[in-house]
1. Could you check how many residues of the range 92-112 are part of a loop (DSSP other than H, G, I, E, B) and either under 15 Å from residue 79 (Cα atoms) or touching a Phe, Trp or Tyr at 6+ places or on another chain (Cβ under 8 Å) (or both)?
2. Would you check which residues across the range 63-79 are of a type in the set (A, V, I, L, M) and either at pLDDT 95 or above or within 19 Å of residue 106 (Cα to Cα) (or both) and list them?
3. Considering only residues of the range 80-114 that are modelled with pLDDT of 90 or more and of a type in the set (Val, Ile, Thr), which is surrounded by the fewest Cβ atoms within 10 Å (Cβ to Cβ)?
4. Taking the range 58-91, which residues are out of contact with any strand residue (DSSP E or B) (no Cβ under 8 Å at 6 or more places or on another chain), in contact (Cβ under 8 Å) with a residue 40 or more places away in the chain and either among the aromatic types (Phe, Trp, Tyr) or not in a loop (DSSP other than H, G, I, E, B) (or both)?
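The values are calculated or read from the model by the stated rules, or taken from the named source; none is laboratory data. Since we're looking at a predicted model, the values are computed, not measured. Cβ atoms come from the backbone with ideal geometry, glycine included; neighbour counts cover every protein chain shown.
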Amino acid sequence: AQTYRGVKPASEPETQAIVNYCKDIFPAGQRKADPTSDQETAYREDAMGVFFDMHSFGDLLIWPWGHKNEITKNDEDMTALANKYKYFNGYTYAGPQQEDFLYEASGVSVDWAYGEL
């Protein structure tokens, strides 16, 4: 199926490769100690790196949250970045509370990256 998520989080080799790559390039010291309880904690202004989904098949810019149609504490910054990307590629905003937000989906990469890294 096109929506197969694997037997558990990050169980598939392709997903493991992305997780390992991201953990290598994002500083460990800025990661959230408890991602579940820290979901509403904004990243500091000096955080290094951002993970953004440029969905080429649908020409969409996707940012967290995707498992719920709610903005994060860093949404203003994410939207500003989406504006820059849209200027260059013309993609459609599909972040939370945007007109073209697709649907709530669990297990999406932008949620994992924002929640963990």
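1. Qualifying residue count for the region: 8.
2. So the first thing to find is which residues in the range 63-79 are of a type in the set (A, V, I, L, M), and the list is 71, 78.
The one that is of a type in the set (A, V, I, L, M) and either at pLDDT 95 or above or within 19 Å of residue 106 (Cα to Cα) (or both): 71.
3. Out of the qualifying residues, it is 92.
4. Of everything in the range 58-91, just one residue is out of contact with any strand residue (DSSP E or B) (no Cβ under 8 Å at 6 or more places or on another chain), in contact (Cβ under 8 Å) with a residue 40 or more places away in the chain and either among the aromatic types (Phe, Trp, Tyr) or not in a loop (DSSP other than H, G, I, E, B) (or both), namely 65.
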